[in-house]
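Structure, as structure tokens:
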Amino acid sequence: MAPSTKQWNYGDEDIVLSNLIGLTRTNPLLRCILDERVCYNAESSEDKVMLLAGGGSGHEPLHAGFVGNGLLDVAVAGSTFASPSTKQILAGIRAKESKAGTVVIVKNYTGDVLHFGLAVERAKAEGYSNIELILVGDDVSVGKTKNGLVGRRGLAGTALVHKVLGAKAAQGSHLKEVASVGRKVVKNLVTIGASLDHCLIPGRDIDDTIDLLGKDEIEIGMGIHNEAGVRRISPIPTINELISLLLTYLLSPDDEDRHYVSFDSSKDDVVLLVNNLGGTSNLEMYTICKTILDHLSSSYKIKPVRVYCGHFTTSLNGDGFSITLLNATQAGGDEVLELLDLPTDAPAWNSHFTSWDPKRKDEEIFVKATPFHYDNAKSNKKVNPDSYIRILKSGMKAVLEVESELTHYDTITGDGDCGETLASGANAILKAIADKSLETEDIVQSLVQITDIVESNMGGTSGGLYSIFISSLAHSLRHSNDDGSMQEALKQALNSLFKYTRARIGDRTIIDTLQPFIDTFYDTNGDFAKAKHAARIGAESTKNMKAKFGRASYVDEKELRREGGLPDPGALGLYAIIEGFYDGYSSK
């Protein structure tokens, strides 16, 4: 049956933060940096490789539930379905420093890759030289042709990566050894899921959930953020028919578009993980698990040597399940199985809870992150404060005026939060101007502050892109000569951004607006009007483009052609900011 449309009323409570507080109070091992939504294992030794993982909330028990001895050391939680900021991730890295190095594990989603990638690069710049980043992509529903440059999405196989690496690190293995095992496991994982309907996001009205499934319809391969899957089926098949179909997607060598991992039943040890997406009853889960085991044996002669069933990577109240298979033999053989078997006290892996010790005080477990002082970012690059404020306010007000338009376009082509995300950042910057907390004379120090504001108030991919670009612009201006400094700094900032995204002109992203603006501004020696015109043409050109990045890349092309062609909301939002900047600049 379809999931309930009713929700608990949490009022104004921050449900993500409250979840971390509740988890910390029921797990004696945990300490929590409330301001940064970071949980870590207080008992972790600085002599072992430290494991950090994180991502958007809504997938619990991933990631904080897997913090414990023999598993993760640190978990970083973003807002619901949105990557944590670079600032949060850096706080996690600093929370448990290790002499042996750090492995950062991240699911392959654009926003996560950007934020965690930037955090790793910034950590290296701070002196954390021994650090490795592992991307987890195990989805097979979106084939090789469609996922293109994006790669496979990270799903429930992430939990197996955490467990294997956690045990490997606990043995005292070297950083390169831990990272190597992790990449072998990722390479040999496949996952696919099935859902009765979209999940419901707490606090969001059911009417805001777009394209709900029909009463007698299911979706194969729906993503853990309500992204489109590979196909919808009606009427709903029997569980036997459904399992047979799902295993075909996972195991058939004839489907070249989805054949990522080979399984030889005569010699390969296979691990099975059956994951509850959040809303499937335990009674049904073990029935589903039994059916999967039956089909693996009868149709493929596969008898898994390890079976795990339960909540590992959920999608809030998602009414569905996913199947993950790991070729343990190809991933490392007996060592992988031994690592899976090693004990851990992380509650999510053992599915048990530890009672709270009433003698412990909050101040012992809820600690503060090391603060950053903006004075450290001072430079000799000065601007006229009145002009700077006028231009900045004009740009922020301009994007607020198009918020509803951006939300409309993104509701069709993405997850509907583009307008809200940009508005959140704009309002936070306007507030900083109003309360005079924003530096307005030292351009470098001001941009560093704005980067922090953006990271704290803008989630998702756009927040990561803006943060990287603004941070890089500040760095470039600090080290630039006065003559032509802005043109050169913008160019360098764009090149820095390109290190963290493969998006280029023609890919239907924010780059279609940003690069024409910067290239023209550079080529014309700072002609703002011509650069703004180039940005407008770039933004409008996205109406006729095929999406290659982000969640829009999973949307049917027919949807993108609605209303005479839909522009990319991110590209359009950036143009609104540029146009606002120009209006503020021209009114001097």
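Quick check on my filter: what residues within the stretch 499-527 are surrounded by 17 or more Cβ atoms within 10 Å (Cβ to Cβ) and part of a helix (DSSP H, G or I)?
Once the filter is applied, which keeps residues that are surrounded by 17 or more Cβ atoms within 10 Å (Cβ to Cβ) and part of a helix (DSSP H, G or I), the stretch 499-527 yields ILE511, ASP512, THR513, LEU514, GLN515, PRO516, PHE517, ILE518, ASP519, THR520, PHE521, TYR522.
Which of the following residues is at pLDDT 95 or above, over 25 Å from the mean Cα position of the chain (by Cα) and open to solvent by 60 Å² or more (accessible area, probe 1.4 Å): THR287, THR291?
Details: THR291 fails: open to solvent by 60 Å² or more (accessible area, probe 1.4 Å).
Among THR287, THR291, only THR287 is at pLDDT 95 or above, over 25 Å from the mean Cα position of the chain (by Cα) and open to solvent by 60 Å² or more (accessible area, probe 1.4 Å).
Only one of VAL74, VAL49 is touching a residue at least 40 places away in the same chain (Cβ under 8 Å), surrounded by 21 or more Cβ atoms within 10 Å (Cβ to Cβ) and over 12 Å from the mean Cα position of the chain (by Cα). Can you tell me which?
The match here is VAL49.
Take LEU29 and tell me if it is at pLDDT below 95 and in contact with a strand residue (DSSP E or B) (Cβ under 6 Å, 6 or more places away or on another chain).
Considered against the rule, which asks whether it is at pLDDT below 95 and in contact with a strand residue (DSSP E or B) (Cβ under 6 Å, 6 or more places away or on another chain), LEU29 comes out as yes.
Can you name every residue in the stretch 1-46 that is in a strand (DSSP E or B) and open to solvent by 20 Å² or more (accessible area, probe 1.4 Å)?
The answer is ARG31, TYR40.
Is it true that some residue in the stretch 459-467 is more than 22 Å from ILE537 (Cα to Cα) and either outside the structural domain of ALA576 (by the TED database) or touching a His at 6+ places or on another chain (Cβ under 7 Å) (or both)? Walk me through how you get there before you give the answer.
Here is the first cut: in the stretch 459-467, the ones more than 22 Å from ILE537 (Cα to Cα) are 459-461, 463-464, 467.
Right, trim to either outside the structural domain of ALA576 (by the TED database) or touching a His at 6+ places or on another chain (Cβ under 7 Å) (or both) and you get 464.
Scanning the stretch 459-467, I find at least one residue that is more than 22 Å from ILE537 (Cα to Cα) and either outside the structural domain of ALA576 (by the TED database) or touching a His at 6+ places or on another chain (Cβ under 7 Å) (or both), so the answer is yes.
For the stretch 220-251, give me the residue count where each residue is outside any helix (DSSP H, G or I) and touching a residue at least 60 places away in the same chain (Cβ under 8 Å).
11
Per-residue answers, yes or no, for (1) surrounded by fewer than 18 Cβ atoms within 10 Å (Cβ to Cβ); (2) not acidic (Asp, Glu):
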residue: ALA348; (1), (2): no, yes
residue: ASP362; (1), (2): yes, no
residue: LYS378; (1), (2): yes, yes
residue: ALA398; (1), (2): no, yes
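Filter the stretch 108-134 down to residues that are touching a strand residue (DSSP E or B) at 6+ places or on another chain (Cβ under 7 Å) and acidic (Asp, Glu), then give me how many there are.
Residues that pass the stated criteria total 2.
The values are calculated or read from the model by the stated rules, or taken from the named source; none is laboratory data. This structure is a prediction, so every number in the text was calculated from the model and none was measured. Ideal geometry is used to build each Cβ from the backbone, glycine not excepted, and the neighbour counts take in all protein chains shown. Side chains are part of the model used for accessible areas, which takes the heavy atoms of the whole protein and leaves out ligands, DNA and RNA. Shrake-Rupley method; radii C 1.70, N 1.55, O 1.52, S 1.80 Å.
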